[in-house]
């Protein structure tokens, strides 16, 4: 049965393979190129005279005495204080993921188990909140945060990111909780559990795949955020993405371009590794919303 | 679940959303009704290799005193909405009165900052989304038929552009497309024009940004379509094969109708996400020729001398209004479905 449906002409297979290879090149090559270029000097990575320099490392050889240099990395991490940005990113990401998951699982569980009409309206409101461009929210935060003197510090940013992340987390976990049969917690309730005990001891243990997916998305949001972190943090507390943008701002004055290139690689590599590890969860999360239509 | 239990379960999450998503909207609205105190303006000339610009800036000291006493400024009503940087009602009326032809009127309206931003945002949204849906569908169809053992690595490679943040993604592309990067140099050789640069012309920059948008968003459409393809029922396809339907006919008449709701979902998410386009403009340093609504708010808030809360608030409210218009069809549909379910 399977074989009948999946019988293809050799012509189709060739066209298909060519297309896939082309597509993979388009999506992967820019990253490989940046990785390669991050070990060169600026004159090579942006070699106007001859693009082959970028591969052979002609100027890198002249300036540093080897065809590979770690200068971009060493300087950005020490002189450019990228270590601080990396530390801040780790702090922000860790707390955003933990708090989002804590609030999100509680809320989504309630939404999936309540039979009243207001759950529908809450979910619609969450959808509308999800559509708000983050920058419009930030423009609403800045003034009150200045007045309350909580602008610029990490805890504020963490709470804001958690809140911005809630609508999506709720929708995602809601669709996961819906797949867990109601009878499971109902029987626990009959046995004398409270709702919270049923949630804690019966539902959560079998919800790990969903929680990991939601956690991965929170992680990507916190790790990748630019709008909120660049406007709500002061320069000393910058996370990695606004820090990279700050390096670019100083391009005209210093030769910091290679700092930006090296830190782009430093910031991207851990994310790719995490995603490679959790790829299955990521895809199941992306599709959870779609299957319901 | 009783109301009380529901309340306590949902309370923390709901409170967070209310304070940090609901309230800021009202805070923006409140700010947009105020205006910064009278400012002493000075003209500053900024020069870069491409020419000089005169920019009006604020004399800091003169305004500092008033600001300390009255940080939000004075009440201004809806005047900020009507001024030149937003809806520009006076300027439009003027252009209408002085128009020589209709196209002349349109072009003078589109030169006003807000309409310029709106035009770019909408162009970006509505050119990226259809391309993303079509390309994502094609990629999903072709990945679906390859050998199982290869699928994992190929899916990972395909989704890379989606998992990096837009700023990094656009920088990575920009470094290649820049006139001194590898692709930029290749294009110069190809067209035999050593001065050709994608940055130099407005339409080329717009195309570059749209291409970036497609590159960044297609993986998402691909993954969702790919998952949708796994749920396509096999029986009708079998029947179609027996009836002699070609591959294209099967895709057209069985697979596509099945994936229609999935495509709607992708379109909705893509429109919502692309409407907030900001980072690519910064990454490609395309501020000169491509401004989006989000970028205008960012610029107001990043203003070095004085944060223009009023102006940013007004642009935010207008942006939210447009998001509302975009979402209305979807919300109406959901509402109808909800009604019929009851």
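Check segment B:285-303 and report whether any residue there is in contact with a strand residue (DSSP E or B) (Cβ under 6 Å, 6 or more places away or on another chain), more than 11 Å from chain A (Cβ to nearest Cβ) and in contact (Cβ under 8 Å) with a residue 40 or more places away in the chain.
No, segment B:285-303 contains no residue that is in contact with a strand residue (DSSP E or B) (Cβ under 6 Å, 6 or more places away or on another chain), more than 11 Å from chain A (Cβ to nearest Cβ) and in contact (Cβ under 8 Å) with a residue 40 or more places away in the chain.
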Q. When you go through (1) within 9 Å of another protein chain (Cβ to nearest Cβ); (2) under 16 Å from residue B:169 (Cβ atoms) one by one for residue A:276, which number turns out not to apply?
A. (2)
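Yes/no matrix, rows are residues, columns are (1) within 12 Å of chain A (Cβ to nearest Cβ); (2) crowded, with 20+ Cβ neighbours inside 10 Å:
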| residue | (1), (2) |
| --- | --- |
| B:157 | yes, no |
| B:164 | yes, yes |
| B:172 | yes, yes |
| B:177 | yes, yes |
| B:191 | no, no |
| B:197 | yes, no |
| B:206 | no, no |
| B:237 | yes, no |
| B:240 | yes, no |
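Looking at segment B:105-116, is at least one residue closer than 30 Å to residue A:268 by Cα, within 24 Å of the chain's Cα centre (by Cα) and crowded, with 18+ Cβ neighbours inside 10 Å?
First, pick out the residues of segment B:105-116 that are closer than 30 Å to residue A:268 by Cα: none.
Within segment B:105-116, not a single residue is closer than 30 Å to residue A:268 by Cα, within 24 Å of the chain's Cα centre (by Cα) and crowded, with 18+ Cβ neighbours inside 10 Å.
Only helices (runs of 4 or more DSSP H) wholly contained in segment B:223-329 count here; list those with 2 or more residues that are closer than 25 Å to residue B:118 by Cβ. Break it down into steps so the answer makes sense when it comes.
Working: elements: B:234-242, B:247-250, B:256-274, B:279-283, B:293-302.
Of the helices (runs of 4 or more DSSP H) lying wholly inside segment B:223-329, those with at least 2 residues that are closer than 25 Å to residue B:118 by Cβ span B:256-274, B:279-283, B:293-302.
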Q) Restricting attention to segment A:271-282, does a residue exist that is modelled with pLDDT under 90, assigned by TED's automatic domain parsing to the domain that holds residue A:101 and surrounded by 23 or more Cβ atoms within 10 Å (Cβ to Cβ)? A) yes
Q: Taking residue B:217 as meeting all but one of (1) surrounded by 20 or more Cβ atoms within 10 Å (Cβ to Cβ); (2) under 17 Å from residue B:258 (Cβ atoms), write down the number of the exception.
A: (2)
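Can you tell which of A:140, A:107 is buried (at least 21 other Cβ atoms within 10 Å of the Cβ), part of a helix (DSSP H, G or I), in the same structural domain as residue A:228 (by TED's automatic domain parsing) and at pLDDT 90 or above? If you could, list the steps in order and put the result at the bottom.
Numbers: A:140 fails: at pLDDT 90 or above.
Just a single option satisfies the conditions, and that option is A:107.
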Q. From the residues in segment A:54-89 that are out of contact with any helix residue (DSSP H, G or I) (no Cβ under 9 Å at 6 or more places or on another chain) and under 19 Å from residue A:246 (Cα atoms), which one is modelled with the highest pLDDT?
A. A:87
(Q) Condition first: free of Cβ contacts under 8 Å to residues at least 40 places away in the same chain and either under 18 Å from residue B:208 (Cβ atoms) or within 11 Å of chain A (Cβ to nearest Cβ) (or both). Now tell me which residues in segment B:131-147 satisfy that. (A) B:138, B:142, B:145, B:146, B:147
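Give B:325, B:320 a once-over and let me know the one that is under 16 Å from residue B:272 (Cα atoms), surrounded by fewer than 21 Cβ atoms within 10 Å (Cβ to Cβ) and more than 10 Å from chain A (Cβ to nearest Cβ).
Numbers: B:320 fails: more than 10 Å from chain A (Cβ to nearest Cβ).
From the options B:325, B:320, the qualifying one is B:325.
For every residue, the table says whether it meets (1) part of a helix (DSSP H, G or I); (2) touching a strand residue (DSSP E or B) at 6+ places or on another chain (Cβ under 8 Å); (3) farther than 19 Å from residue A:170 by Cα; (4) in contact (Cβ under 8 Å) with a residue 12 or more places away in the chain.
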residue: A:205; (1), (2), (3), (4): yes, no, no, no
residue: A:210; (1), (2), (3), (4): yes, no, no, yes
residue: A:215; (1), (2), (3), (4): yes, no, no, yes
residue: A:218; (1), (2), (3), (4): yes, no, no, yes
residue: A:230; (1), (2), (3), (4): yes, no, yes, yes
residue: A:241; (1), (2), (3), (4): yes, no, yes, yes
residue: A:244; (1), (2), (3), (4): yes, no, yes, yes
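The values are calculated or read from the model by the stated rules, or taken from the named source; none is laboratory data. Since the structure is predicted, the reported quantities are computational estimates derived from the model, not experimental observations. Glycine gets a Cβ as well: all are built from the backbone with ideal geometry, and neighbour counts include every protein chain shown.
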